[in-house]
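Working notes, structure below.
The values are calculated or read from the model by the stated rules, or taken from the named source; none is laboratory data. What you are looking at is a predicted structure, and each value in this text was computed from that prediction instead of being measured. Cβ placement follows ideal geometry from the backbone for every residue including glycine, while neighbour counts extend to all protein chains displayed.
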Amino acid sequence: MTDKERIKLLEDKIKNLHEGYRKQLLNLEKFKAMVMNLNLGLMIVDNDEIITKVYSSFESLTGYTAEELVGKKASEVLLRKGDVISDLQLKEQHTLRENGDSSVYEIPIIAKNGEELWLTISGAPLYDDNGDKIGSIGIHWDITRQKRLQQSLQQAREESDRAKHAEERFLAKMSHEIRTPLNAVIGMSYLLKGTEINEEQKEYVDVISRSGNLLLNLINDILDYSKVSSGQIQVRQAPVDLNVLLTDLAQTFRLKTLDKPLSIKTEIDVEEDAVLADETLLNQVFMNLMSNAEKFTEEGSITITAEPLAEIGDTLTYQFTVEDTGSGIAPDRLEAIFQEFVQEEGVILRDGKGGTGLGLAITKKIVELMDGKIWAESTLNLGTSVHFVVPFQIAKVETNDGNKRTGVTSDAPKSTDTKIDSSLSILVAEDNSMNQKYISRILDKIGVYYEIVENGHLAQKICGHQKFDVIFMDLFMPLIDGFDATKHIRKTENPNKHTPIYALTATAVAQHKKRALTVGMEGFISKPFHPNEIKQVLSEITKQKDQNASHTLFLDNDNSMTFNFHESFDTESLKMYYDGDIEYTLEMFEIFIDQLAESLPLLKSAIEGGDRLNARHYVHKLKPTFTMVGFPRTTTYFEKWERMIDDGLDNQGIENQWEGVRSDIIGINRLVSQEIERMRLYIQRSS
Ligand code: ADP
């Protein structure tokens, strides 16, 4: 090879190399341009986080020019002043880089125009040719839009959660608020129906009563429906005795349909002691189906059937049927009745059987919540069968648990025999004056003794010194509510620690009912209630009392008199004075009240005026009267008082004695007045 040729070869080689480098450089430029176009801001900082290089993409991202950034500490120029969290985050990243680690993190920075930008930063340590760490490089990606979206979604979710809670609270409150006056409307119309009114007035009362009930059903249904639809209802399982549940259900409807030629039958093939189920929900399904059956059946029968369908492992599927001999449903409407707001047109106006058309839609949803299925079969004018199947786990129950408590009205003690002991004493805690009046009239008619207080505080107070046989307690009252009052009565030593307490409640919220049981209530009477519901409870209490025979009823062995005094009275002394002559007793009691009304103010002013003579006079005058109305202990107190005055008791002492007996006298006055009313009724009835 000649020199010339050798030079040519070398030249070619150099050309190729050059071409190679050029291409590589071009690629590098292309790559750089690509990276720059990716909208990724690049920035380099040294080991002390001082910015050493800023690429144009970072400039356009933040609005700062390279000159404004280079030489400054990144956190000082880019972070919001006082953003402690981000500052800590950067320090943590710094430590990672010192250890040679790369990482990706999110951080908010402040752009030059003051706007907050959220960045995802991928940071990596940077080394020089000798492998020494000289700082780190960060690739910054603007995620402000995503972040804002995320934040507003989160905010919307929180707002919707808050709104949901507010709605639930609102519904619960409204249900209570609407039902309370409605209770009074319906209750008063029951009472009005029982008075002497002419046919025209009776018709009006019937309309009030029907419309009231209609409105109540509507409110209940809308509440239930909104709860089921918004998924607020959860299935809470506990052992349920299906035999008891269905027998009680049948019994409830037997009582409800007394005025119709309708027999309520059961065919229950249930061997298990208990299955795991949500009793409240299951009961609601049955109540809805039974109410429909009752509504659309004028005569014949309604039969409740329960039969096992399949047993797989410990899952037992039951088929339940509510079959009636009522008006039936046209075949083309069978499917539709489970949809919302479906009912025969004009039902409400035509015969007052109207509902909301929500009952079966709610029922279906509840059955589905329990993993079940519901359907109906029907023949027009012959009757309807609604079937539903539900799988249950078999519950293991302790065999010696005889003390099961359940929380629905239908579980309130039931008895066809409504013997009520007239000596029962009842406390009613209820703040609504119309409801007070309603229940007091019911109790007046029954002829038992009762006290009404208007809040939980007064209930607690009276329970501390007066024994009752049963307490009816409104759940929501001013000062102290029914829950707290019950808790107090159960937890403190007082004569009513074990007295049965029934909630009088207009609440639709299952939690409230559960809470009522938890604080120690026995059961519920849902407002508006029928007088029979109160009677049933009183009859049950009478039975229990008879069994315990805890106190001697007045003239137990004397057939000449069956009037029973409230147990605060000393019946022995009454027997001694009046020997069972109620008319005479009544006269004496009336005199006592008159005398008290006359003498008490005089005694009081004598004491206040320091008039010892007159004070002694009235103490003496009143002394024997208490025994005459069955309070010999108060007579003894007055005796002692009189003696003390005679022995020279000073004015302050006389006043102290008065203070010591004042509330007793008020109580006696109340009790005697109540007994007067009861005796009058008793005499009226027996003549
Ligand atoms: P409503 O609250 O109006 O009773 P439901 O959803 O419970 O609403 O029932 C929807 C409709 O289905 C009723 O209006 C009635 O027309 C019909 N229906 C339901 N059960 C029966 C039944 N046992 N017998 C006859 N018709 C029934």
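Determine, yes or no, whether Ala330 is over 21 Å from Ser526 (Cβ atoms), within 11 Å of the ligand (Cβ to nearest atom), surrounded by fewer than 20 Cβ atoms within 10 Å (Cβ to Cβ) and free of Cβ contacts under 8 Å to residues at least 12 places away in the same chain. Spelling it out, it is not the case that Ala330 is over 21 Å from Ser526 (Cβ atoms), within 11 Å of the ligand (Cβ to nearest atom), surrounded by fewer than 20 Cβ atoms within 10 Å (Cβ to Cβ) and free of Cβ contacts under 8 Å to residues at least 12 places away in the same chain.
From the list Asn130, Asn113, the one residue that fits, being out of contact with any strand residue (DSSP E or B) (no Cβ under 9 Å at 6 or more places or on another chain), surrounded by fewer than 11 Cβ atoms within 10 Å (Cβ to Cβ), touching a residue at least 24 places away in the same chain (Cβ under 8 Å) and over 30 Å from Ser226 (Cα atoms), is Asn113. Screening segment 267-314 for residues that are of a type in the set (Asp, Glu) and surrounded by fewer than 16 Cβ atoms within 10 Å (Cβ to Cβ) and picking the one that is farthest from Gln511 (Cα to Cα) gives Glu299. Set side by side, the residues Leu10, Leu88, Leu69 differ, and just one is at pLDDT 90 or above and either within 53 Å of the chain's Cα centre (by Cα) or within 14 Å of Gly138 (Cβ to Cβ) (or both), which is Leu69.
Please tell me if Thr321 is within 14 Å of the ligand (Cβ to nearest atom) and either modelled with pLDDT of 85 or more or touching an Asp or Glu at 6+ places or on another chain (Cβ under 6 Å) (or both). Yes, satisfied.
Could you check, for segment 337-357, whether at least one of its residues is at pLDDT 90 or above, out of contact with any helix residue (DSSP H, G or I) (no Cβ under 7 Å at 6 or more places or on another chain) and near the ligand (Cβ under 9 Å from one of its atoms)? No, the conditions are met nowhere in segment 337-357.
Across segment 604-623, the number of residues qualifying as closer than 15 Å to Asp664 by Cα and either surrounded by fewer than 17 Cβ atoms within 10 Å (Cβ to Cβ) or out of contact with any Ser or Thr (no Cβ under 7 Å at 6 or more places or on another chain) (or both) comes to 2. Counting the residues of segment 634-687 that are over 48 Å from the mean Cα position of the chain (by Cα) and among the charged types (D, E, K, R) gives 8.
Listed by position, the strands (runs of 3 or more DSSP E) inside segment 220-281 whose residues that are touching a residue at least 60 places away in the same chain (Cβ under 8 Å) number at least 1 are 238-240, 275-277. Residues that are within 29 Å of the chain's Cα centre (by Cα) and of a type in the set (Ser, Thr, Tyr) were ranked within segment 186-231; the one that is surrounded by the most Cβ atoms within 10 Å (Cβ to Cβ) is Ser189. Residues of segment 461-479 that are modelled with pLDDT of 85 or more, touching a His at 6+ places or on another chain (Cβ under 9 Å) and part of a loop (DSSP other than H, G, I, E, B): Leu475 alone.
Based on this model, can you work out whether Ile109 counts as in contact with an Asp or Glu (Cβ under 8 Å, 6 or more places away or on another chain) and part of a strand (DSSP E or B)? For Ile109, the condition - in contact with an Asp or Glu (Cβ under 8 Å, 6 or more places away or on another chain) and part of a strand (DSSP E or B) - is met. Residues in segment 617-633 that are outside any helix (DSSP H, G or I) and not small (Gly, Ala, Ser): Lys623, Pro624, Val629, Phe631.
Filtering Leu171, Leu182 for residues that are within 29 Å of Met473 (Cβ to Cβ) and in contact with a Ser or Thr (Cβ under 9 Å, 6 or more places away or on another chain) leaves a single hit, Leu171. Considering segment 377-388 alone, what residues qualify as being in contact with a Phe, Trp or Tyr (Cβ under 8 Å, 6 or more places away or on another chain) and buried (at least 18 other Cβ atoms within 10 Å of the Cβ)? Of everything in segment 377-388, those that are in contact with a Phe, Trp or Tyr (Cβ under 8 Å, 6 or more places away or on another chain) and buried (at least 18 other Cβ atoms within 10 Å of the Cβ) turn out to be Thr384, Val386, Phe388. Among the residues of segment 617-637, those identified as without any contact (Cβ under 8 Å) to a residue 40 or more places away in the chain and closer than 19 Å to Ile591 by Cα are His617, Tyr618, Val619, His620, Lys621, Leu622, Lys623, Pro624, Thr625, Thr634, Thr635. Just to verify a result, which residue in segment 484-509, among those that are in contact with a strand residue (DSSP E or B) (Cβ under 9 Å, 6 or more places away or on another chain) and not aliphatic (A, V, I, L, M), is nearest to Leu671 (Cα to Cα)? Of everything passing the filter in segment 484-509, Asn496 is nearest to Leu671 (Cα to Cα).
Here is a yes/no grid of residues against (1) under 30 Å from Leu424 (Cα atoms); (2) assigned to a loop (DSSP other than H, G, I, E, B):
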residue: Glu572; (1), (2): yes, no
residue: Gly580; (1), (2): yes, yes
residue: Phe592; (1), (2): yes, no
residue: Leu596; (1), (2): yes, no
residue: Pro601; (1), (2): no, no
residue: Ile607; (1), (2): no, no
residue: Ala615; (1), (2): no, no
residue: Thr635; (1), (2): yes, no
residue: Met644; (1), (2): no, no
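Please tell me if Arg441 is free of Cβ contacts under 8 Å to residues at least 40 places away in the same chain and charged (D, E, K, R). In short, no. Would you confirm whether or not segment 659-672 contains a residue that is surrounded by fewer than 18 Cβ atoms within 10 Å (Cβ to Cβ), touching an Asp or Glu at 6+ places or on another chain (Cβ under 9 Å) and closer than 20 Å to Phe565 by Cβ? For segment 659-672, residues surrounded by fewer than 18 Cβ atoms within 10 Å (Cβ to Cβ), touching an Asp or Glu at 6+ places or on another chain (Cβ under 9 Å) and closer than 20 Å to Phe565 by Cβ: present.
When restricted to residues that are touching an Asp or Glu at 6+ places or on another chain (Cβ under 9 Å) and closer than 29 Å to Tyr578 by Cα, segment 627-658 contains 8. Here segment 459-493 is the region considered, the condition is being among the hydrophobic types (A, V, I, L, M, F, W, C) and under 22 Å from Glu675 (Cα atoms), and the residue that is nearest to the chain's Cα centre (by Cα) is Phe472.
Only one of the listed residues (Tyr127, Tyr190) is of a type in the set (Ser, Thr, Tyr) and at pLDDT 90 or above. That residue is Tyr127.
Yes/no matrix, rows are residues, columns are (1) within 13 Å of the ligand (Cβ to nearest atom); (2) out of contact with any Gly (no Cβ under 6 Å at 6 or more places or on another chain); (3) β-branched (Val, Ile, Thr); (4) under 19 Å from Val244 (Cβ atoms):
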{"site": "Glu271", "(1), (2), (3), (4)": "no, yes, no, yes"}
{"site": "Ala274", "(1), (2), (3), (4)": "no, yes, no, yes"}
{"site": "Met290", "(1), (2), (3), (4)": "yes, yes, no, yes"}
{"site": "Gly300", "(1), (2), (3), (4)": "yes, yes, no, no"}
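At pLDDT 90 or above, more than 8 Å from the ligand (Cβ to nearest atom) and outside any loop (DSSP other than H, G, I, E, B), is that true of Gln284? Taking the combined requirement at face value, the residue does not satisfy it.
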